[in-house]
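Notes for the one structure printed next.
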Amino acid sequence: MKTGRKTTGWRMFVGVFCLFVSITLITSLCTDLHAASAYPERAITVIVPYAAGGVTDLAARAISEAIEKILKQPVVVVNKPGGRATVGGYAVVTAKPDGYTLGFLPIASCLPEVFSYFFDAPYTSADFKPISGVASAAMSFAVKADAPWNSFKELVEYAKKNPGLKVGTPGRQTGPYMVMVQVNKKDKVNLVDVPFGGGDAETTPALLGGHIPVGAIDYSAIKSLVDAKKLKVLAVCTNKRVDFAPNVPTVVELGYELPYVSILGLFGPKETPDEIVKKIDDAVSMASQDQAFKTRLRDSICIQPTYEDIATYRKSLVRYKASMSAFFKEEGLVKK
């Protein structure tokens, strides 16, 4: 009899426990579903891994203001620079995955493991959930207005006869350097990389001062100098011509591969619910069709509107990761 009572009691305990767990799971699921359906109910933070005022920051503010009108909640940009853009990236991956903390990130932030030779990051791309591609920067190969070359082809022909032509770049981890390496191999020339750690702020005065004959600089940083006919751009590192410089050819149409496009996009922590991700992507899609938003990107910021939906953006990132990893491996720019 005692054994029977014990068995019955144990079965009752197990039954009550299972009921409790079921209720807890159902309650949690219902709570999550409500949160997703009601999203957003308060302000959203968009983290930018650079200081205020740069092209990434300006583009982040443009898309934030655009989707704020659609989502009917404040979308606030917060700058978290440092660590080669990984401080901001880490702030995103460690945030609560509820859709209220997003990141507006460049390639270096969202695929940090590819750049492990150059810097360390406390996270990898697997810690993100990519949401939407928004816009692409246009790195350019620029020369002084009085330079003897009026096309990239003329520059290459000159380099064939004059080995050692210097090209200022943002560093070996960037697209322009990757293109320069291809030019050297394909056209059998010897362009010499002159890295500027300070980026456009250092490269531009060096080019204007005649310290380097060619500079790889973001078009947005030199548009006023191009308009003032102090500089001219021979090519842009994009896969399609950009609207704000339609007469400038891309390196792709000139016959060189582009390992990646400098696309900026929105990300959330990896556990962000798919329903919330879709709401954000839908808002970005709507904003990207707005003429005022596109005009702001092109005319005010000099960055190309490049909307990519969830699936397309994720495929692009997978492709960029593979091509850049292959390039760095071939160049020996990998950790041993």
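In segment 26-158, if the dipole is taken from +1 on Lys/Arg beta carbons and -1 on Asp/Glu beta carbons about the Cα centre, which of Ile67, Phe141, Ala121 is farthest to the positive end? Looking along the dipole axis, the top candidate is Ile67. Rolling a 1.4 angstrom probe over segment 81-199 with all protein chains present gives an accessible area of which 54% lies on carbon and sulfur atoms. Of the complete DSSP H runs in the chain, those spanning 30 angstrom or more by Cα along the long axis with a mean Kyte-Doolittle score not below 0.0 are 2-38. Site pair Ser285 and Arg314 shows an inter-label distance of 1.5 nm when each label is modelled 7 Å from Cα along Cα→Cβ.
For Lys230 and Ala322 in one chain, what is 0.36 nm times their gap in residues minus the Cα-Cα distance, to one decimal in nm? Intermediate results must be reported in sequence, preceding the final value.
On the way: separation 92, 0.36 × 92 = 33.12 nm, distance 3.82 nm.
Full extension from Lys230 to Ala322 adds 29.3 nm.
Quick one: dipole size for the chain, taken about the Cα centre, charges +1 on Lys/Arg Cβ and -1 on Asp/Glu Cβ, in debye to the nearest 20.
Working: 40 positive and 32 negative charges, 167 e Å.
In debye, rounded to 20, the chain gives about 800.
At 1.4 Å probe size, with the rest of the protein present, what percent of the exposed accessible area of segment 215-319 is carbon and sulfur atoms? Each step should come with its number before you reach the end.
Numbers: 2340 of 4750 Å².
Carbon and sulfur atoms account for 49 percent of the accessible area of segment 215-319.
Averaged over its residues, the chain has an accessible area of 49 Å² per residue, based on protein heavy atoms and a 1.4 Å probe. In this structure the amide hydrogen of Phe196, modeled in the peptide plane, comes within under 5 Å of the amide hydrogens of Thr169, Gly171, none closer than 5 places in sequence on its chain. Straight-line cross-link partners of Lys129 among the aspartates and glutamates, defined as a Cα under 16 Å from its Cα and at least 8 positions apart when in the same chain: Asp98, Glu113, Glu271, Asp274, Glu275, Asp281, Asp282, Glu308, Asp309. Estimated from helical segments only, the mean residue ellipticity of the chain at 222 nm is -14000 deg cm²/dmol, where each DSSP H run of four or more residues counts as -39500 (n - 2.57).
Given the convex hull over the Cα atoms of segment 57-135, what projected area results after averaging over all orientations, in nm²? Before the final figure, lay out each step's value.
On the way: hull surface 21.1 nm².
Mean projected area for segment 57-135: 5.3 nm², to one decimal.
Straight-distance candidates among the lysines for linking to Lys336, with alpha-carbon spacing under 27 Å and chain neighbours fewer than 8 residues away dropped: Lys185, Lys321. Listed values for segment 101-116 are Karplus-derived 3J(HN,Hα) couplings in whole Hz (6.51 cos²θ - 1.76 cosθ + 1.60, θ = phi - 60°), namely 10, 10, x, 10, 10, x, 4, 4, 7, 8, 10, x, 5, 5, 9, 4, and x replaces Gly and Pro. Here Lys72 is the anchor, and the aspartates and glutamates within straight C-alpha reach of less than 13 Å, apart from those fewer than 8 places off in the same chain, are Glu41.
The spacing between segment 243-304 and segment 41-58, judged by their C-alpha centroids, is 15 Å.
When DSSP beta bridges are limited to those with both residues in the chain, what percentage is antiparallel, rounded to the nearest 5? Before the final figure, lay out each step's value.
On the way: 22 of 37 bridges.
Close to 60 percent.
Taken along the Cα-to-beta-carbon direction at a fixed 7 Å, the label points for Lys96 and Lys72 span 2.2 nm.
Have a look at Gln182, Leu207, Val194 and report the one farthest towards the positive end of the charge dipole of segment 166-246, computed about the Cα centre with Cβ charges (Lys/Arg +1, Asp/Glu -1). Selected residue: Gln182.
Charged neighbours of Pro112, selected by a Cβ distance under 12 Å, balance to -1 (K, R count +1; D, E count -1).
Comparing Thr238, Thr295, Thr101 in a Gaussian network model of the chain (Cα springs below 10 Å), the most mobile by mean-square fluctuation is Thr295. Here's how it looks for Leu102: its modeled amide H is under 5 Å from those of Thr45, Val46, Ile47, which are all 5 or more places away or on a different chain. Of the candidates Gly175, Gly265, Gly209, which one comes out as most mobile in a Gaussian network treatment of the chain with C-alpha springs shorter than 10 Å? With Cα springs under 10 Å in the chain, the top fluctuation among Gly175, Gly265, Gly209 is at Gly209.
With the cut-off at 1.5 for a/c, could you classify segment 198-336 from its C-alpha gyration tensor as rounded, prolate or oblate? Show your work: numbers first, answer last.
Numbers: a/c = 2.16, a/b = 1.31, b/c = 1.65.
Because a/c hits 1.5 or more and a/b fails to exceed b/c, segment 198-336 counts as oblate.
I need the P(r) histogram for the chain: all alpha carbon pairs, bin width 20 Å from 0 out to the longest distance, whole percents. Per 20 Å bin, starting at 0, the Cα pair percentages come out as 29, 49, 15, 6, 2, 0.
The values are calculated or read from the model by the stated rules, or taken from the named source; none is laboratory data. None of these values were measured; they are calculated from a predicted model. Neighbour counts are summed over all protein chains in view; Cβ atoms, including those assigned to glycine, are modelled from backbone coordinates with ideal geometry. Accessible surface areas use protein heavy atoms only, side chains included; no ligands, DNA or RNA. Shrake-Rupley method; radii C 1.70, N 1.55, O 1.52, S 1.80 Å.
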